[in-house]
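These notes concern the structure reproduced below.
What follows is calculated from the coordinates using simple rules that are stated; it is not laboratory data. In this text the structure is predicted, and so the values were computed from the model without any measurement. Backbone-built Cβ (ideal geometry, glycine too); neighbour counts: all protein chains shown.
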Amino acid sequence: MQLLRIADEKGEFLDEHGSFQSVELLTKDDLLRIVKMVYAKDENDFDLYVEGKIKNKAQDIIYKNVASKLVEIKTNRDQITAEVEETFKDAFAKYR
């Protein structure tokens, strides 16, 4: 499932209803939903940021930052999971 895309020189994200919207309309709830989806599954995809493909400067900046963080999350998913498990190891043991 494509979560972010560059189409017609615009940066867009997939909203909760399955429609693409301008990244300028991205809310913290939308961002959290997208991060959770990227963290949870490899099938979720997004267009990588390419300098000059998005003409609107605000969209370009937003898309660049969001896409770079999603790449980071996808790349470091195993490390992030291990750190969370280590941090909460005692709580996991206590409440299992």
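Only residues that are within 15 Å of Phe13 (Cβ to Cβ), of a type in the set (Gly, Ala, Ser) and exposed (fewer than 15 other Cβ atoms within 10 Å of the Cβ): list them for region 57-96, please.
Within region 57-96, Ala58, Ser68 meet the criteria.
Conditions (1) among the aromatic types (Phe, Trp, Tyr); (2) in a strand (DSSP E or B); (3) more than 18 Å from Gln2 (Cβ to Cβ); (4) under 15 Å from the mean Cα position of the chain (by Cα), marked per residue:
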position: Gln21; (1), (2), (3), (4): no, yes, no, yes
position: Asp29; (1), (2), (3), (4): no, no, yes, yes
position: Tyr49; (1), (2), (3), (4): yes, no, no, yes
position: Gly52; (1), (2), (3), (4): no, no, yes, no
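Restricting to region 40-56, what's the tally of residues that are surrounded by 15 or more Cβ atoms within 10 Å (Cβ to Cβ) and closer than 25 Å to Asp78 by Cβ?
Residues that pass the stated criteria total 5.
Of the residues Asn65, Asn44, which is within 15 Å of the chain's Cα centre (by Cα) and free of Cβ contacts under 8 Å to residues at least 12 places away in the same chain?
Every option except Asn65 fails the conditions.
May I ask you to say which residue of Met1, Met37 is within 23 Å of Arg77 (Cα to Cα), in contact with a Leu (Cβ under 8 Å, 6 or more places away or on another chain) and loosely packed, with under 12 Cβ neighbours inside 10 Å?
That would be Met1, the only listed residue that is within 23 Å of Arg77 (Cα to Cα), in contact with a Leu (Cβ under 8 Å, 6 or more places away or on another chain) and loosely packed, with under 12 Cβ neighbours inside 10 Å.
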